[in-house]
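Okay, so here's the structure we're looking at.
Only the coordinates and a few stated rules stand behind these numbers; no lab work does. The structure displayed is predicted, hence computed values, not measured ones. Backbone-built Cβ (ideal geometry, glycine too); neighbour counts: all protein chains shown.
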Amino acid sequence: MELLAFGKTGWGDELFYATLMTIAVSITAILVGFVFALIFTPLKLSKYKTLNLVGNFYTTVIRGVPELLVIYLFFFGGSGAIMYVASIFGYYEYIEINAFITGSMAIGIISGAYSTEVFRGAIQSIDKGQFEAAKVLGINKFGQFYKIILPQMLRLAIPNLSNVWQITLKDTSLISVTGLVEIMRQSYIAAGSTRDPLFFYSFAAVLYLLLTYISMKLINKLEARYSRGY
Amino acid sequence: MDFDLMITSLPKLLGATVVTLKLLSASLFFGLFLGLFFATLRLNKNIFINKFAYGYSYIFRGTPLLVQIFIIYFGLGQIEYIRTTFLWVILKEPYWCAIIAFTLNTGAYTSEILRSAFQTIKPGIIEAGKSLGISKKIIFYKIQIPIAIRQSLPAYGNEIILMMKGTSLASTVTLMDLTGVAKYIISTTFKPIEVFIVAGGIYLFMTFIIHNVIKYLEKKYSFQQ
């Protein structure tokens with residue numbers, strides 16, 4: 001137990017901050033994912049074949065390639081790509097992006113592919129009459145989506161989004177390979193310096209279980225809120 | 001774009017694909033039995049057995065696969081007792097550690113898939129079997145299991161693809177699988193995009209084949225024939 005003490009003697013505070021880091025990365029990643037989903041869901045639902053192709057390409061590639069490979073692409077290729085873009089604008093200095101941004105972008109793009117599929121499914125399962133009724137009532141396009149489609153869509157999407165959240169939360173453990181100090185990396189450091197990997201990795205597992213358990217409870221509340229009309 | 005690198009790295013990556021496929025097939029094979037075993041435990045009426053099976057699937061589905069591999073590879077070797085038993089022969093090999101971790105992980109997901117498949121079997125089918133005087137064991141093996149497997153095909157197909165992606169984590173315990181070799185080439189040549197295209201292409205190709213095989217099986221064993 002003294003291994004988990006707060007302060008200089010134990011790893012308690014380090015692991016606590018690492019847990020906060022995991023939560024921060026997960027939330028950033030899922031928000032980045034939502035942005036990607038907002039871009040690609042309309043593409044997948046579009047009438048135009050070319051746009052469909054772009055949307056399908058994104059979801060198929062990302063969901064068919066291991067997360068770790070995507071992270072390596074970002075980790076090794078991220079700063080190169082940014083520097084290339086910067087060089088077009090005449091900036092030739094070395095640019096390093098920090099591990100937090102690389103990690104949450106990589107995980108965000110992955111979770112975006114899953115969110116896209118969830119949103120597409122949810123929108124497609126809304127009754128056609130709802131779209132037509134909204135149009136007939138003369139509500140503008142923004143109101144149609146924001147006031148009529150979105151609330152119904154969320155109710156259908158939340159159970160699946162909760163899965164996406166769980167996947168995203170667990171995927172953040174992979175960012176540890178880039179050196180970002182989240183739960184997994186901190187456990188690796190602690191295990192290395194105390195030579196007690198069994199304890200620290202098991203503790204990491206407990207932390208992840210706790211995070212998934214708490215988020216499950218919160219999501220269930222959210223689900224109840226959005227399905228109160230049913 | 002460095003096309004030469006893409007061409008020269010292809011044979012290396014294809015060689016590593018064999019390792020990935022070995023890991024995948026071994027863990028799926030063992031995982032299917034483990035999943036079936038725990039799915040039947042979940043259907044057991046005894047509350048302790050039931051909770052035990054639920055706990056297993058909850059723990060392995062609620063923690064990242066990376067943690068599971070690290071606990072088995074780095075953690076278990078720490079226990080003095082294990083080092084003295086024959087288990088150490090297996091546990092000191094990263095290859096077997098990876099397979100054990102993958103098996104336990106996919107077993108947990110498979111048990112959930114199969115459990116829900118068992119629960120969706122209409123009671124009428126089992127009752128029909130009973131009224132024909134078929135013994136409980138035969139009903140389970142010859143009626144429930146085949147129907148459950150058919151029911152769970154689409155979900156299990158997804159699980160195979162997820163597991164294929166999961167095998168990439170073997171590279172974190174020094175195994176040179178497809179992702180491991182890809183990372184090695186990236187870190188020696190600093191050409192991430194080219195290597196990503198080739199390695200990602202191989203993964204996508206495998207996904208494509210798995211997807212279509214499952215689709216074919218679904219069609220072949222569909223109820224309306």
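Side notes on the structure shown:
- Calculated FRET efficiency for the pair B:I197/B:L162, C-beta based, R₀ 25 Å, to 0.05: 0.65
- Scaled to the globular estimate 2.2 N^0.38 Å, the Cα spread of the range B:1-72, given as radius of gyration, is 1.73.
- Here the range B:57-178 yields Rg over Rh of 1.14, to two decimals, using C-alpha coordinates and the Kirkwood radius.
- Listed by chain and number, the lysines whose alpha-carbon sits under 25 Å from that of A:K147, ignoring those within fewer than 8 places in the same chain, are A:K44, A:K47, A:K128, A:K135, A:K221.
- Checking every one of the chymotrypsin sites (Phe, Trp or Tyr not before Pro) in the range A:3-50 against DSSP loop status and a limit of 16 other Cβ atoms within 10 Å picks out A:F6, A:Y48.
- Values of log10 I(q)/I(0) for the protein assembly as shown across q = 0.06 Å⁻¹ run -0.30, by the Debye formula with one identical scatterer at each alpha carbon and no solvent.
- Cα-based shape type of chain B, given that a ≥ b ≥ c are square roots of the gyration tensor eigenvalues and the cut on a/c is 1.5: oblate
- For A:W11, residues with placed amide H under 5 Å, excluding near neighbours: A:L4, A:A5
- Among the residues of B:165-172, the average count of other protein chain beta-carbon atoms within 10 Å of the residue beta-carbon is 5.
- Average other protein chain Cβ within 10 Å of Cβ, residues B:69-79: 5
- Whichever lysines have a C-alpha closer than 21 Å to that of B:K12, once near sequence neighbours (fewer than 8 apart) are set aside: B:K22, B:K165, B:K183, B:K191
- Hz values of 3J(HN,Hα) by residue in the range A:17-26 - Karplus curve (6.51, -1.76, 1.60), Gly and Pro given as x: 5, 4, 5, 4, 4, 4, 5, 4, 5, 4
- Label reach from B:T84 (point 7 Å along Cα→C-beta): in the range A:187-205, no amide nitrogen lies under 13 Å.
- Within the shell defined by Cβ-Cβ distances under 13 Å, the residues around B:A148 carry a net charge of +4, with Lys and Arg each +1 and Asp and Glu each -1.
- Averaged over peptide B:54-66, the number of partner chain Cβ atoms lying within 10 Å of each residue's Cβ comes to 5.
- Size descriptors for the range A:8-226: radius of gyration and Dmax over Cα atoms are 20.5, 69 Å.
- Computed from backbone phi with θ = phi - 60° and the Karplus coefficients 6.51, -1.76 and 1.60, the 3J(HN,Hα) list for the range A:215-220 is 5, 4, 4, 5, 5, 4 Hz; x is used for glycine and proline.
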